[in-house]
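To start, the structure itself, in structure tokens.
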């Protein structure tokens, strides 16, 4: 534990990150690289919860002309696919894992029960929360913030496809400026969009710090858990 800064971690992984260079679906090599690093953090003694997005299969806003609730439910199901993929990869590394879903599907996962999730973490099982919050109109960023508060996580480690938070889109503006640290109030005042504003407001109200970093280097998961200065910290 001496190497870790945080004992209980909420790791949020974007669905797109699991697609690797393919851009869609699950890239096995990428998932294995991510799970190798999660395994290292787990063996160091961290209690790890994970929320994964579903954007590598479906994004609600992609359903043009579709009912928003239906589109969001499809996105929730996409997160289940990713959660089961992560579960399988982690279990192949002899790590005990439980998937809990906000929408019941008992044949393949446990329904979300807070006390049960906390008990799993105490027993050093990784818990993967699928289906977001179980409600449409809320992102998986917000689900990660809510679950982090419920399980008393000390930090949210948010793994993205960019290496931090910028004042504008770095893929469109080569002169975009990266922030190393921001308060949640500054983040909200600037109207930044690296993480959902609802999630940022929730974390501000509940005093949960968030570290946003890139998965271009999978070792960043280990560095973030050790408290090394990478990406952008929102406090």
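Read-outs throughout are calculated quantities, based only on the coordinates presented, and are distinct from any laboratory measurement. As the structure is a prediction and not an experimental result, all values here were calculated from the model. Positions of Cβ are backbone-derived with ideal geometry, glycine not excepted, and every protein chain shown enters the neighbour counts.
A few points about this structure:
- Relative to the globular-protein estimate of 2.2 N^0.38 Å, the Cα radius of gyration of the stretch 122-235 stands at 1.06.
- Cα-based radius of gyration for the stretch 1-157, normalised by 2.2 N^0.38 Å, reads 0.99.
- As a rough guide to protection, the peptides 4-13, 165-174 ranked by mean Cβ packing within 10 Å, highest first, stand as 4-13, 165-174.
- Where labels lie 7 Å past Cα in the beta-carbon direction, separation of residue 216 and residue 171 in nm: 1.3 nm
- Summarised in one figure, the compactness ratio Rg/Rh of the stretch 63-137, Cα atoms and Kirkwood Rh, is 1.04.
- Shape call, the stretch 1-57: gyration tensor on alpha carbons, a/c limit 1.5: prolate
- Taking a point 7 Å from the Cα of residue 193 along the Cα-to-Cβ direction, none of the residues of the stretch 203-220 has its backbone N closer than 13 Å to it.
- The shape of the stretch 26-107 can be summarised by an equivalent ellipsoid whose semi-axes, obtained from the alpha carbon gyration tensor, come to 28, 14, 10 Å from longest to shortest.
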